[in-house]
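A short reminder: the numbers here are calculations on the coordinates, not readings from a lab. The structure presented is a predicted model; accordingly, all values stated were derived computationally and were not measured. Quick reminder, even Gly has a Cβ in these numbers, built from the backbone with ideal geometry, and neighbours come from all protein chains shown.
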Amino acid sequence: MLAGSLVEEFELEDEPWYDPRDLQQDLQLAAELGKTLLDRNTELEESLQQMCTTNQEQMQEIEYLSKQVELLRQMNEQHAKVYEQLDATARDLEDTNQRLVADSRASQQRVLSLTETIECLQANIAQPGGRGGQTGMSRLPFLNPEEGDRPAPSPLGWQSWPTRSPCRLRQRCDSLRKRLPAAFHTNSIDVLAGNTLVLSPTYF
């Protein structure tokens with residue numbers, strides 16, 4: 001009964017239970033708070049949109065860099081293969097160079113040997129009368145004057161030179177000159193009186 005009487009008294013009162021000024025102030029504060037929240041929400045949405053755009057750009061950049069890395073890796077592999085081929089080619093060239101050096105030394109030795117042979121022939125066949133040339137030729141390892149014009153065995157495959165025929169001596173000297181490498185040439189062959197034969201070697 002007491003509660004019912006209190007409710008009746010409250011309903012019968014004419015004065016309101018709230019202050020209109022406080023209500024107006026609360027409404028104004030609520031409006032300002034809503035506007036602030038709305039502005040903040042807008043800022044957050046713009047920031048989110050910007051972050052999404054930045055993230056997309058970064059993803060594209062990462063994809064581009066990944067492709068660049070893959071391309072560089074392939075180029076590196078190709079360069080490694082090229083370096084291997086160049087290394088193999090360099091080894092082959094080095095081997096070829098060594099063979100050429102050995103061949104050059106052998107050619108030089110052959111030139112020296114042929115030069116000594118020609119000098120020996122010049123010294124022997126230049127003697128007058130032919131007898132000195134015949135005697136000198138008998139000392140050459142590949143000439144055998146005792147057997148006449150028959151060829152004697154020779155380490156260079158030459159035959160004996162007849163000591164009494166300047167024409168045949170000239171032919172043999174020409175043949176010997178043609179067998180020389182390019183490093184040795186004879187620039188003149190002159191037949192003098194009798195069996196005397198003069199060769200003028202030229203080196204360059």
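Residue by residue, what Karplus-based ³J(HN,Hα) values in Hz, rounded to whole numbers, does region 77-84 have, using 6.51, -1.76 and 1.60 with θ = phi - 60° and x for Gly and Pro?
5, 5, 5, 4, 5, 4, 5, 4
How many nm separate the modelled label positions at A123 and V82, each set 7 Å beyond the Cα in the direction of the Cβ?
6.1 nm
Report the gain in length on full extension from M59 to A106: 0.36 nm times residue separation, minus Cα-Cα distance, nm rounded to one decimal. It would help to have the intermediate numbers written out before the result.
Numbers: separation 47, 0.36 × 47 = 16.92 nm, distance 6.98 nm.
Gain on stretching M59 to A106: 9.9 nm.
Would you kindly derive the ³J(HN,Hα) couplings of region 42-48 from the backbone phi angles with the Karplus curve 6.51 cos²θ - 1.76 cosθ + 1.60 (θ = phi - 60°), listing them in order in whole Hz, with x for Gly and Pro?
Couplings: 5, 4, 5, 5, 5, 5, 5 Hz.
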